[in-house]
Every structure is written in structure tokens, then in C-alpha cells.
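The block underneath contains the structure these notes are about, expressed in C-alpha cells.
The values are calculated or read from the model by the stated rules, or taken from the named source; none is laboratory data. These numbers come from a predicted model, not from an experiment. All Cβ positions, glycine included, derive from the backbone under ideal geometry; neighbour counts span all protein chains shown.
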Amino acid sequence: MVANDSNKFQAIISHAKEYGFVFQSSEIYDGLSAVYDYGPWGSELKKNIREAWWNAMTRMHDNIVGIDTAIFMHPTTWKASGHVDNFSDPMIDNKDSKKRYRVDHLIEASADVLVKEGKETEAEQLVQKMESLLAENDFAGLKQMIDEHKIKCSVSNTCNWTEVRQFNLMFSTQVGSVAEDATEIYLRPETAQGIFVNFLNVQKTARMKIPFGIAQVGKAFRNEIVARQFIFRMREFEQMEMQFFIRPGTQKEWYAYWKEERMKWHTSLGFPAENYRYHDHVKLAHYADAAVDIEFAFPIGWKEVEGIHSRTDFDLKSHQQYSGKKLQYFDPEINQNYVPFVIETSIGLDRMFLLTLCHAYQEEKWNKEDGSEDSRVVLKIPAKLAPIKLAILPLLKKEGLPEIAKEIMATCRNEFYCFYEEKDTIGKRYRRMDALGTPFCITIDHQTKEDQTVTIRYRDTMKQERIPIDGLAQFIKGKI
Ligand code: ATP
């Protein structure tokens, strides 16, 4: 387990707000719990992560195509998928505070406290025992565990608990104009089902041959009961999912393939391998025959960022049964019709965003040449994902320097996101760009007028050098 660093986490949350990355939703009305809005730089960063995933999954694979399906789906979809009957979590209420907790979160929080106290083995045992009780759906056992460990409610500070019960996590709403005609429908709790119900449409129109995948990015909604930890667990969030359709019997090898492939994606973005680990599921979802989480060392501990699930033929078979329509594939290589098996990769875009911020956020201190101390807060966001790639800064607001800077801006903004700024001292402007995670700044000064060079300053090392304006865009693109 990694140590909890809630101070760092709080600092990241404040930074995200102060610099226009993430705001509490409807903040002027005191916010809406577990719902967030992305500001100017947050939406840009989010878009870059989405694009990196989309390109890696679709453009870089001959046999994967993307789709974009609706949030509303026929209500029977969720009967078939098992969400109406199974998509629930064991919960427990504190009788004094009336606060409701997800049982696994309550116990995990108590394990985190043990870690803080240096009792790591005890914490591990607690989590292991909880996982096996969850796997057996042993609610009485879970309740007993909470009682035995005297786990307290964080609000009332008492151990006065109800029994453990199941609650459905789907949001519902009505379609239809008059109350009598209205049908209850759900806001999708995952994007995957939009892929399954379109399996044949896509296979036929895009002329796909098994094995092949369908990718999608979109909003999902879950009525999360314990919704804390900033954008880690939200009620409205975005998923990036890919369902890979395969011949039955080949699921083990494809599962291993995607497990490795997805980890490679994370490290290829520049996130260190040692901050990742796999966590095999003990309790398997109703649709899965194998499942693993890719976990990241967040400042709040090791947490899931992505799941890889071997979903068997559960979903397609179930939709076949409920819809009465065949969802089969004729495999010319073996001359057989079958319902394909599926390997799913599912990652939360918001969680990947949080991972990026947590990795990037650094507070640095050093001694200057005169012995005095200097410091900065810097977001070392991988250049490929950074919201602003290049800041263009004229040293002065006069003497023709802004004109040159604007010319450079006009050329470079076609290639990548640039930001022009002429206010404040150059030192202050550098600091602001550090805080936004801008990997490159260029300064236009008097020498620029003489030799057509600018000073480039690198965010991570703060090193500076002079480079020619000619070929600048290419130079930056090469670095990205
Ligand atoms: P958890 O155990 O954290 O609730 P899960 O196992 O239910 O997650 P999946 O259903 O496998 O999650 O969803 C796939 C991915 O979607 C997760 O790995 C996570 O990145 C993201 N995700 C799930 N729920 C949320 C949420 N409430 N807020 C933000 N992201 C989420």
C-alpha cells in the first residue's frame, strides 16, 4: 500500500480550481455533490486525453472502429444487461447521522487509517477478508466485521449501524409527454451496452471480421452513494470503453493481450510503470469469467483507474434472448455460426484526468545563486496531453516585440494550442505557465529583431536556450 497523502490531494484540488481546470458544479448554489465542471484548461486537458485514447484504440488498430451511441436506451436493455437486478452495492446506514455508506468504502477507509498508524499487515488482512465476504455476498458477515472492528461513522462518530442492504445505482427518468403515457427509462450507467446492441450494425456496415473491436467514449451516470474524493467518484462521468469480439475459447489469450496492451498505453504516455499495478478481482461481476483492475498510486492510495473484463458471451446472448433477434457471427474460417465472446477494456476519462493531475503536480524548492530560496508549483503534464503547448511571451509591450510575437502566434496556432501573454514580468508569466503545465515558453526580445531567434524555456528543467524562429513550429511538434 502507498501512504495516504491527503495534504497533497487537497493541494491538487485547490490548484485545479484556482487555475481553471475543475470547478464544483453549480457552485453559486453551493454545488451539487459529486458533480463537477471542467474549466478552460481542464476541458482542453480532458479533450487531449480522450483523443490520445481514441487514436490509440481506433486509428492505431486496423480491426477496431469507433461509434457514438445515445445515453437513453430502450429500458429492456438494462434488464438484459443485468443492471436492473444486479447493479447495486451493499450499503449500510448510520442510525445517528443517517449517513449512508458503501460497505467496501467504509471498510477501506478504516484500512487506510490502519496504514497511517503503521499497521499495514492488519490493513491488508482487513481488506482481504472484506473481499472474500463480498465475493460470497455475505452481508451478515460484513456487518459483523464492521461491528467487530468498531468502525465509526465519520459524521456522528458512533458505531450505531443498520443491517447491510443492496441499493440500485441507476438514475431513472420519464419519456413521454403525459404522465399516463410516460415510460421509465434509465440514464446509461455504462457505455458498453450501446456497443452490444449495435454489434451486428457495426460488423456488417464496417465489414468487420472477428476478432474486432468497437470503441466508444461517452457519459455514464451512477447514483454513487459515497461520493467523495473529488472527481475520483462522480455521479456523472465519462467512460472510454472498447469491446473486443472474439471466437469462443480464445478469451484467455485475448484477455492477456489486452491486459498488457492497456498497461503499455499508460506508460507510453509518460506515466512511470512503478506507479501502476494489476489487481485481480476476487469477486467477479455477473457477466465475467476473469477481471483485473489497473491501479495507480494516487495520493489517496492505490486506486482503480481502468478495468479489463473477460465478459464471455453473456451480453450478446442475453440481448438475443430479450430481443428475440439473432446476434451471431458467421466465421468463414471455421465455417460456423456463433455468439462471439468479448474482452472489454473500460477506463474513466475523469479518473485518467485525475491521475494526470496527481502525477503532474509538484511543489519545488531550491536555492538561488545568492543563497535565497525560490519555489514554484509546476504541473509536469506529459507534453502530448498538456492543455497549452506553447506560450508566446513578448518581453515588453512595445518596440515592435508584440508584433513579432503575434506573427509567431499566427503560424503556430494552426499546429497546436498556443497562448499569448504580455502582462506582468517575464518571471511571473513563466510561473503561471508552470502552474498550467505548459511545457514550452518562448520569449521575444530585442535580440529577436536582430537575429530572428527567440529564447525557449523548458518547463521541467527551467533551462533556456536560443532557437531560430524559422522552423519553430516543427521544433515544438518534434518535442511533443
Ligand atoms: P469502482 O469499483 O471504483 O466503483 P467499478 O469497478 O464499478 O469502479 P467499472 O464499472 O469497471 O468501475 O467502470 C470502469 C471505469 O469507469 C472505472 O475503472 C473507472 O475508471 C470509471 N468509473 C466508474 N465509476 C466511476 C465514477 N463514479 N466516477 C468516475 N469514474 C468512474
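Could you list all residues from region 228-237 that are touching a strand residue (DSSP E or B) at 6+ places or on another chain (Cβ under 9 Å), charged (D, E, K, R) and more than 8 Å from the ligand (Cβ to nearest atom)? Listed by number, the list holds a single entry, GLU236. Before we move on, is ILE444 touching a residue at least 24 places away in the same chain (Cβ under 8 Å), under 35 Å from the mean Cα position of the chain (by Cα) and farther than 16 Å from LYS389 by Cα? No; evaluated as a whole, the condition is false for this residue.
For MET73, indicate whether it is within 16 Å of the ligand (Cβ to nearest atom), touching a residue at least 24 places away in the same chain (Cβ under 8 Å) and closer than 18 Å to GLN243 by Cβ.
On the way: within 16 Å of the ligand (Cβ to nearest atom): no; touching a residue at least 24 places away in the same chain (Cβ under 8 Å): yes; closer than 18 Å to GLN243 by Cβ: yes.
No, not satisfied.
When you scan region 319-332, do you find a residue that is within 16 Å of the ligand (Cβ to nearest atom) and either touching a Cys at 6+ places or on another chain (Cβ under 9 Å) or of a type in the set (S, T, N, Q) (or both), even just one? No: region 319-332 contains no residue that is within 16 Å of the ligand (Cβ to nearest atom) and either touching a Cys at 6+ places or on another chain (Cβ under 9 Å) or of a type in the set (S, T, N, Q) (or both). From the list ALA288, ALA215, the lone residue that is more than 11 Å from the ligand (Cβ to nearest atom), farther than 30 Å from SER14 by Cβ and either surrounded by fewer than 15 Cβ atoms within 10 Å (Cβ to Cβ) or of a type in the set (A, V, I, L, M, F, W, C) (or both) is ALA215.
Name the residue, out of ASN168, ASN160, that is more than 20 Å from the chain's Cα centre (by Cα) and within 16 Å of the ligand (Cβ to nearest atom). Break it down into steps so the answer makes sense when it comes.
Values: ASN160 fails: within 16 Å of the ligand (Cβ to nearest atom).
So the residue among ASN168, ASN160 that is more than 20 Å from the chain's Cα centre (by Cα) and within 16 Å of the ligand (Cβ to nearest atom) is ASN168.
Restricting region 188-212 to residues that are away from the ligand (no atom under 16 Å from the Cβ), in a loop (DSSP other than H, G, I, E, B) and charged (D, E, K, R), which is surrounded by the most Cβ atoms within 10 Å (Cβ to Cβ)? Checking each candidate, the answer is LYS209.
When region 262-285 is filtered for residues that are outside any loop (DSSP other than H, G, I, E, B) and away from the ligand (no atom under 16 Å from the Cβ), the ones remaining, listed by number, are LYS264, THR267, SER268, ALA273, GLU274. Selection within region 20-46: residues that are outside any loop (DSSP other than H, G, I, E, B) and among the β-branched types (Val, Ile, Thr). The member of this set that is farthest from the ligand (Cβ to nearest atom) is ILE28.
Each residue in region 391-423 was checked for being part of a loop (DSSP other than H, G, I, E, B), surrounded by 13 or more Cβ atoms within 10 Å (Cβ to Cβ) and touching an Asp or Glu at 6+ places or on another chain (Cβ under 7 Å), and 2 of them qualify. Candidates ILE225, ILE185: the one that is away from the ligand (no atom under 16 Å from the Cβ), aliphatic (A, V, I, L, M), farther than 26 Å from LYS47 by Cα and assigned by TED's automatic domain parsing to the domain that holds ARG262 is ILE185. Every residue in region 452-478 that is among the basic types (Lys, Arg) and within 23 Å of GLY427 (Cβ to Cβ), please. Hits for region 452-478 are ARG457, ARG459, LYS463, ARG466. Of the numbered criteria (1) in contact with a strand residue (DSSP E or B) (Cβ under 6 Å, 6 or more places away or on another chain); (2) closer than 28 Å to THR173 by Cβ, the one ASP289 fails is (2). The criterion of at least 3 residues that are crowded, with 17+ Cβ neighbours inside 10 Å and not assigned by TED's automatic domain parsing to the domain that holds TYR186 is met by the following strands (runs of 3 or more DSSP E) wholly inside region 58-174: 88-93.
The criterion of being in contact with a strand residue (DSSP E or B) (Cβ under 8 Å, 6 or more places away or on another chain) and of a type in the set (A, V, I, L, M) holds for VAL84. Do we have ALA192 as modelled with pLDDT under 95 and small (Gly, Ala, Ser) here? So ALA192 fails the test. Taking the criterion of being outside any strand (DSSP E or B), among the hydrophobic types (A, V, I, L, M, F, W, C) and touching a residue at least 24 places away in the same chain (Cβ under 8 Å), the residues of region 244-261 that qualify are TRP254, TRP258. Quick check on GLU241: is it among the acidic types (Asp, Glu), free of Cβ contacts under 8 Å to residues at least 60 places away in the same chain and under 19 Å from GLY348 (Cα atoms)? No; evaluated as a whole, the condition is false for this residue.
The set of residues in region 218-228 that are part of a loop (DSSP other than H, G, I, E, B), surrounded by fewer than 21 Cβ atoms within 10 Å (Cβ to Cβ) and of a type in the set (D, E, K, R) comprises GLU224, ARG228. Restricting ILE381, ILE392, ILE388, ILE343 to residues that are at pLDDT 95 or above, under 31 Å from the mean Cα position of the chain (by Cα) and within 14 Å of the ligand (Cβ to nearest atom) narrows the list to ILE343.
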